[in-house]
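Enquirer: Below you'll find the structure I mean.
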Amino acid sequence: MDVSRREMLAGAAKFLVLGFAAEAAADVPLAAPAQLPAYDPSQHWWGMTIDIDLCIGCGNCVRACSAENGVPDGYFRTWVERYHVKSGDQEHPKVESPDGAIKGFPPSTETNEKAFYVPKLCNHCETSPCVQVCPVGATFESPDGVVLVDTTYCLGCRYCIQACPYGCRYIHPERHTVDKCSLCYHRITQGLTTACCEACPTGARKLADLKNPKDPVHAFLRDNKVQVLKPHMATRSKTFYKDLDGSVR
Amino acid sequence: MAGGWRHARHLIVLALVVAAGLGAFLILRGAVVPAGFGKLGHYRAGAIDDNRRRPVSFAGQATCADCHDKQVEARSKGKHRIVSCEACHGPQARHADDPEKLKPVLPDTAILCRRCHEKDPAKPAHFPQVASTDHSGGAACNACHQPHAPKM
């Protein structure tokens, strides 16, 4: 379907016809939800909080994300990194993430270094570089603050992959369009939490609705030392880390 | 007068060429730009519902609690009270849809428990961890510990 669209844009007239047939088919709902539950995007502003001091590197989030979103093998919408920092050498941390931590981590042999886990995912930036560079408007920020992909419209040009400072995007090996964390948009718009948050055993990851005055995110942001990744990029990330070490890139 | 008409014809031809060009542009634009593009921003508005229109794999804690009162009760008193059912039992939306037909497979405690509780210096010091070979010599964790309400 997406191939035909790309070729269509390359100018082949016969693919024009095929492309439109495909687009009509894409409008047919999938088997699961025939009717979308009522949802008002103007009442929400989604993000996520991550407490480094609770992450145990079990990889549950990676497995859950993979199961929920059909992430192809070897690709990750979320992954966990293990950092080792030698005393006084903040600039050169050793970072490992074997297979995205989908099977967790083998026990570390380093004992005298500072070590910790850092879960990563799309930061759902408010001024997102990936959205700014997309030449066709196939990646966008939804009215409730989630960076999404229109797979029927993506050309697979990879500009957004280069633009993302956090390495959160990849080309889907079968669809040949870009893929990334959707903050489980199909779940959060029907009152569920994301798959990674549902599966996190320690509560290290929490979905946050910044527009909901009763959401615990406000206490989290007020009461803790909170940081975002690469603040100098001015992306206005909405993934907030508590107890984030300065060595994390 | 005849000369004036001759010059006017140039303008009419020019206007027709511009109109045809504009028409061709609008027809092509209408054909290429998808419906709803630009309604909410520089993207196809229907892409939002496309992202919503997907089945879930994880049923969510509330759905599990609808039927499994005993386990919820046991869990609420133990150290695993904040661990959701599907954190260990895996995605169960299909089981929740048809509980009789699709029974979940019990997780293998030899793998499951160690993922969280195997000793690792990168884990927060306050988190309970053991070096499993020293701790149990490879015996199954649930030979001693009850996973729904583990006691030390």
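Enquirer: Which of the residue pairs A:Lys180/A:Lys230; A:Lys180/B:Lys70; A:Lys238/B:Lys70; A:Lys211/B:Lys79 have a Cα-Cα distance greater than 27 Å in the structure shown?
Expert: Details: A:Lys180/A:Lys230 19 Å; A:Lys180/B:Lys70 38 Å; A:Lys238/B:Lys70 38 Å; A:Lys211/B:Lys79 32 Å.
Cα-Cα > 27 Å for A:Lys180/B:Lys70; A:Lys238/B:Lys70; A:Lys211/B:Lys79; rest within.
Enquirer: By how many degrees, 0 to 90 and rounded to 10, does the Cα axis of helix A:13-26 deviate from the longest principal axis of chain A?
Expert: That works out to roughly 60 degrees.
Enquirer: Another question, then. Calculated FRET efficiency, B:His7 and B:Ile27, Cβ-Cβ r, R0 30 Å, to nearest 0.05? Please report the intermediate quantities before stating the final value.
Expert: Numbers: r = 31 Å, r/R0 = 1.03.
Working from the Cβ atoms, E equals 0.45.
Enquirer: Could you tell me what % of all Cα pairs in the protein assembly as shown have separations over 30 Å? Mind dumping the intermediate values first?
Expert: Values: 39071 of 80200 pairs.
For the protein assembly as shown, the share of Cα pairs beyond 30 Å comes to 49 percent.
Enquirer: Could you give the dipole magnitude of chain B about its Cα centre, charging the beta-carbon of Lys and Arg +1 and that of Asp and Glu -1, in debye to the nearest 20? Spell out each step's value before the answer.
Expert: Values: 21 positive and 13 negative charges, 135 e Å.
Computed about the Cα centre, the dipole is about 640 debye.
Enquirer: Calculate for the protein assembly as shown the 222 nm mean residue ellipticity that helices alone would give, adding -39,500 (n - 2.57) per DSSP H run of length 4 or more and normalising by residue count, nearest 500 deg cm²/dmol.
Expert: Details: 16 runs with 136 residues, N = 401.
Computed mean residue ellipticity for the protein assembly as shown: -9500 deg cm²/dmol.
Enquirer: I would also like to ask the following. Sticking with the crude label model, points 7 Å out along Cα→Cβ, report the distance from B:Ala125 to B:Glu73 in nm, one decimal please.
Expert: 4.0
Enquirer: So for A:Glu174, A:Glu126, B:Glu73, fewest C-beta neighbours within 10 Å to most, what's the order?
Expert: Details: A:Glu174 9, A:Glu126 16, B:Glu73 12.
So the residues, fewest neighbours to most, are A:Glu174, B:Glu73, A:Glu126.
Enquirer: While we're looking at this one, here's another question. Ranked by Cβ crowding within 10 angstrom, fewest neighbours first, how are A:Thr109, B:Thr109, A:Thr139 ordered?
Expert: Values: A:Thr109 7, B:Thr109 15, A:Thr139 26.
Ranked by crowding around the Cβ, least crowded first: A:Thr109, B:Thr109, A:Thr139.
Enquirer: For A:Thr151, A:Thr189, what ranking results if the residue with the fewest other Cβ atoms within 10 Å of its Cβ goes first?
Expert: Working: A:Thr151 21, A:Thr189 24.
In order of increasing Cβ crowding within 10 Å: A:Thr151, A:Thr189.
Enquirer: Among bridges DSSP assigns within the protein assembly as shown, what percent are antiparallel (round to 5)? The partial results should precede the final answer.
Expert: Values: 24 of 30 bridges.
Within the protein assembly as shown, antiparallel bridges account for around 80 percent of the total.
Enquirer: So for the pair B:His42, B:Lys101, with labels modelled 7 Å out along Cα→Cβ, what separation do we get in nm?
Expert: For B:His42 paired with B:Lys101, the spin-label model returns 4.7 nm.
Enquirer: Quick one: if you stick a label point 7 Å off each Cα along the C-beta vector at A:Ala34 and B:Ile82, how many nm between them?
Expert: 4.1
Enquirer: Just to verify a number: FRET efficiency for B:Asp134 and A:Asn224, C-beta to C-beta distance, R0 = 35 Å, to 0.05?
Expert: On the way: r = 35 Å, r/R0 = 1.01.
Efficiency at R0 = 35 Å is approximately 0.50.
Where a number appears in this text, it was derived from the coordinates with a stated rule and is not lab data. Keep in mind that what you see is a predicted model, and the values were worked out from it rather than measured. Here the Cβ is made from the backbone with ideal geometry for all residues, glycine too, and neighbour counts use every protein chain on show.
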